[in-house]
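Enquirer: Structure incoming, see below.
The values are calculated or read from the model by the stated rules, or taken from the named source; none is laboratory data. Everything numeric here is computed off the predicted structure, so don't read it as measured data. So basically every Cβ, Gly included, is an ideal-geometry build from the backbone, and we count neighbours across all protein chains shown. The accessibility values were calculated without ligands, DNA or RNA, using every heavy atom of the protein model including side chains. Shrake-Rupley method; radii C 1.70, N 1.55, O 1.52, S 1.80 Å.
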Amino acid sequence: MPGPLGERDPGLQPERTRLAWRRTTLASTVVAVLAGKAGVAGGASGGVLAAGVVCCAGWAGVLVVAHRRIRRLAGGGEPERLSLRYAVGVVVCVLLTVAGGVGVVLW
């Protein structure tokens, strides 16, 4: 059914979603790199190393979930919904990345 602006293009929504996943991955990468830089500049104590490991684990988790989602969206056709398991997983990974980054800076 056409909308008020004409025919709906089914390729736009998956493209926007792919771009959003790429932005999330980029933001997580920036947090991890800045946390690593702050950790190196501030000295490598046990707490800084632990926070760095948490940050890197969260970053790796975001990369894995985003890569899987981008691959599924690239298949064409109607994209499947993001499962609850992946949604919760990416939220936990983003929170780990942020918490680890903040921990490195504040430790």
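Enquirer: Put a dot 7 Å past each Cα toward the Cβ at Ala99 and Arg71; how far apart are the dots in nm?
Expert: Taking the simple label geometry, Arg71 and Ala99 are separated by 2.8 nm.
Enquirer: Under the 0.36 nm per residue contour assumption, what length would be gained going from the current alpha-carbon distance of Val64 and Leu26 to full extension?
Expert: 12.4 nm
Enquirer: Additional query: Using Cα atoms only, what is the angle between the long axis of helix 12-42 and the major principal axis of the chain, expressed in degrees (0 to 90) to the nearest 10?
Expert: Tilt relative to the chain: about 10 degrees.
Enquirer: With label points built 7 Å along Cα→Cβ from the Cα atoms of Leu106 and Val33, find their separation and express it in nm.
Expert: 2.5
Enquirer: Find the relative contact order for the chain and round it to a whole percent, using C-alpha pairs within less than 8 Å whose residues are 6+ positions apart.
Expert: For the chain, the relative contact order is 40 percent.
Enquirer: Using the alpha carbons of the chain, what is the convex hull volume per residue in cubic angstrom, as a whole number?
Expert: 104
Enquirer: What distance in nm lies between label points placed 7 Å from Cα along the C-beta direction at Leu49 and Arg16?
Expert: About 4.7 nm separates the two model spin labels.
Enquirer: Which percent of the accessible area of the chain is formed by carbon and sulfur heavy atoms (probe 1.4 angstrom)?
Expert: Its accessible area is 69 percent carbon and sulfur atoms.
Enquirer: Given a 1.4 angstrom probe, what's the average accessible area per residue across the chain, in square angstrom?
Expert: Using a 1.4 Å probe on heavy atoms only, each residue of the chain averages 67 Å².
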